[in-house]
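The values are calculated or read from the model by the stated rules, or taken from the named source; none is laboratory data. None of the values given here were measured: they were computed from a predicted structure. Here the Cβ is made from the backbone with ideal geometry for all residues, glycine too, and neighbour counts use every protein chain on show.
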């Protein structure tokens, strides 16, 4: 790994903080960048730190003490190099987008004005496709942060933030994860609109790499959602911002529960249709779980932890009321038995109501649990699609 400068370094003194920016970029990506674009960073006062993000091996021995290892740890070593070089902020690029000079200057100026915040680029026209907007929805569920593109890698990070984030979190590999973990830590996130820039040259991924990326992102978001639902405390990042003044508990609680607020926000574009549809889908999933009697409490807890309106989640959980509820139970038990034992349930498996029935209840509960998760997931996806289509008839447009 080595460090070099794209021209003469400049710095700006703002609020008593000297801002020195470093562009963190894998060597393969830097080699494909237009030379004129890289040289243009010199006028903006940006250093270039190149690292091997593909194999994790050390590129050069010019910098002593640079660790080798996985790509995430190599990026952490690049952060260490930038810190030693007295840089204060790290810049990462998006895989398919190169900002023009004016946009890059605007991002750096926003970082100078807010040295403790992450500066996130906002694309000029976010894609309307669900697959492109799904990272933003998941970032909102996990951290309660609304961004136009949760997978956009064009950001400016304060290097102090990486002191509390795990070393294996790599903004190049998982840009959504580092955004979520930064929000958990209390780091401000500011979006800056960018205009159309150059298309970044990149390799065409193979089907195997696409499948690997999909499985990796699926596992990552499953892990983050589990952490968000757990309520574990996070190490806080102190950016020097003043703490927000809280409101009385009951005032905020009733405002949170008010269903009219959800309708007004939906009509005015204050709440995303995708978020409301996700709330209904999560409620439908909870309705399938063998948790009768506490499903409403689970719905309220999930809504609180995933930053959703409780009305949407509770409404979705009510699908388990009769006559649909018994049908869901029978279907879940039947499917769970088929998946676990490879055979279908028969009348003999139930037997008479006697002592032997209680001996059969434990495995039947396991069948119910397994089947309810599978059916609940399938119904949640269908409920999300239906709710999204119905919300599209409200005549409003998503805020994002």
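Assorted remarks:
- When the helices (runs of 4 or more DSSP H) confined to the stretch 241-343 are screened for residues that are modelled with pLDDT of 85 or more and within 22 Å of residue 382 (Cα to Cα), those reaching at least 3 such residues are found at 273-288, 295-305, 310-317, 324-341.
- Inclusion of residue 203 among residues that are modelled with pLDDT of 65 or more and either outside any helix (DSSP H, G or I) or more than 19 Å from the chain's Cα centre (by Cα) (or both) is not warranted.
- For the stretch 141-158, taking the residues that are modelled with pLDDT under 90 and more than 22 Å from residue 273 (Cβ to Cβ), the one that is surrounded by the fewest Cβ atoms within 10 Å (Cβ to Cβ) is identified as 153.
- Test: residue 372 is over 30 Å from residue 147 (Cα atoms) and modelled with pLDDT under 90: no
- Residue 121 surrounded by fewer than 16 Cβ atoms within 10 Å (Cβ to Cβ) and either at pLDDT 90 or above or touching a helix residue (DSSP H, G or I) at 6+ places or on another chain (Cβ under 9 Å) (or both): no
- Test: residue in the stretch 78-93 that is surrounded by fewer than 19 Cβ atoms within 10 Å (Cβ to Cβ), at positive phi and at pLDDT below 90: yes
- Criterion violated by residue 210 - all others in (1) at pLDDT below 95; (2) surrounded by 15 or more Cβ atoms within 10 Å (Cβ to Cβ) satisfied: (2)
- Hey, residue 168 under 19 Å from residue 93 (Cα atoms), out of contact with any helix residue (DSSP H, G or I) (no Cβ under 8 Å at 6 or more places or on another chain) and modelled with pLDDT under 85 or not: no
- Any hit, the stretch 48-64, residues being within 20 Å of residue 30 (Cβ to Cβ), under 22 Å from the mean Cα position of the chain (by Cα) and at pLDDT below 85: yes
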